[in-house]
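One structure below.
The values are calculated or read from the model by the stated rules, or taken from the named source; none is laboratory data. Since the structure is predicted, the reported quantities are computational estimates derived from the model, not experimental observations. Glycine also receives a Cβ, built like all others from the backbone with ideal geometry; neighbour counts cover every protein chain displayed.
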Amino acid sequence: MHQLAEFLRKRREALQPEDVGLPRGPRRRTPGLRREEVAMLAGMSTDYLNRLEQSRGPQPSVQILAALTRALHLDRAERDHLFRLSGHAAPERVTADLHVSPGIQRILERLTDTPAQVVTELGETLAQTEPARALLGDARELSGLRRATVYRWFTEPESRDVYARADHDLRGRTFVAELRAVYARTGDRSRAGAIVAELKRVSPEFAAVWADHEVAEKHPMTKRFAHPDVGELTLHCQTLLDTETGNRLLVFTATPGTDDAAKLDLLRVIGTQLSTR
């Protein structure tokens, strides 16, 4: 694990606080980022990162490596190298869209006061700002097929509560239509194929909507949300496509001077409170 330890140290020292959206602060003597800063960005303890950098830690899991990839802003070649040094096979290129590119990660880290998140073409959330967690729910604990919004929509009805009830039928049909577009391109043996097969098995509602063969290229730019603390609000969704990975950066904004803008300001406060718990 010596090479892994050295690689982690070198990548940490190559980054500056401003590269990851952190303030530099006074009296900084450490070259690059501090260990505690990387640990915070990766959602792990500083002690665990210390042990990895000192060749004393256990073999890191795939989840830990994915978190370090994001925290250290690794590109795909560096990510693959990290996986191999850790004794894991590099992620196959067919699943490369689960990787958040460094450029998109840098943009996201500068949107701290805005609901924004990175999603795959299947609606799998890869990274979120705190206001996005306050608006849409925390996606960090999701795994397997549950990572896909369309899967939760038809298997966990409570997941629909994030949208205005009057729009539920439209939202469900849009999710299915987007899934069909990906499925048509990637086939039965893809992640889209696995989602389709399982939803057809467990959800008669999905099977009925799927049988209508509706196709949509993307969501409407304006969406109505329902939040237990601020009520219903209408937000504009701007989408930035990452041509390297095929992921989307979604940014939600409100028209200035409206009630929706005031509610969004309150959501920012709620997001800040969530991040300190």
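Points worth noting:
- Output for segment 200-259, where each listed residue is surrounded by 15 or more Cβ atoms within 10 Å (Cβ to Cβ), farther than 21 Å from D188 by Cβ and of a type in the set (V, I, T): V230, T234, T245, V251, T253
- Against the conditions (1) out of contact with any Asp or Glu (no Cβ under 9 Å at 6 or more places or on another chain); (2) modelled with pLDDT of 95 or more; (3) under 27 Å from R133 (Cβ atoms); (4) of a type in the set (A, V, I, L, M, F, W, C), L179 satisfies every one except (2).
- Remark: D80 falls outside the filter, which requires a residue to be farther than 30 Å from R185 by Cα and either assigned by TED's automatic domain parsing to the domain that holds R248 or out of contact with any helix residue (DSSP H, G or I) (no Cβ under 6 Å at 6 or more places or on another chain) (or both).
- Cross-chain or 6+ apart pairs with Cβ under 7 Å, segment 71-99 first and more than 19 Å from L241 (Cα to Cα), then at pLDDT 85 or above and in a loop (DSSP other than H, G, I, E, B): L72/L15; L82/L74; S86/Q59; S86/P60; G87/Q59
- Filtered residues of segment 1-50 (kept if polar (S, T, N, Q) and at pLDDT 90 or above): S45, T46, N50
- From P60, P115, residue being crowded, with 20+ Cβ neighbours inside 10 Å, in contact with a helix residue (DSSP H, G or I) (Cβ under 8 Å, 6 or more places away or on another chain), under 29 Å from G246 (Cβ atoms) and in the same structural domain as L249 (by TED's automatic domain parsing): P115
- Among all residues of segment 190-203, there is at least one that is assigned to a loop (DSSP other than H, G, I, E, B), within 19 Å of R160 (Cβ to Cβ) and modelled with pLDDT of 90 or more.
- Given (1) farther than 18 Å from Q128 by Cβ; (2) part of a loop (DSSP other than H, G, I, E, B); (3) of a type in the set (V, I, T), index of the condition T245 fails: (1)
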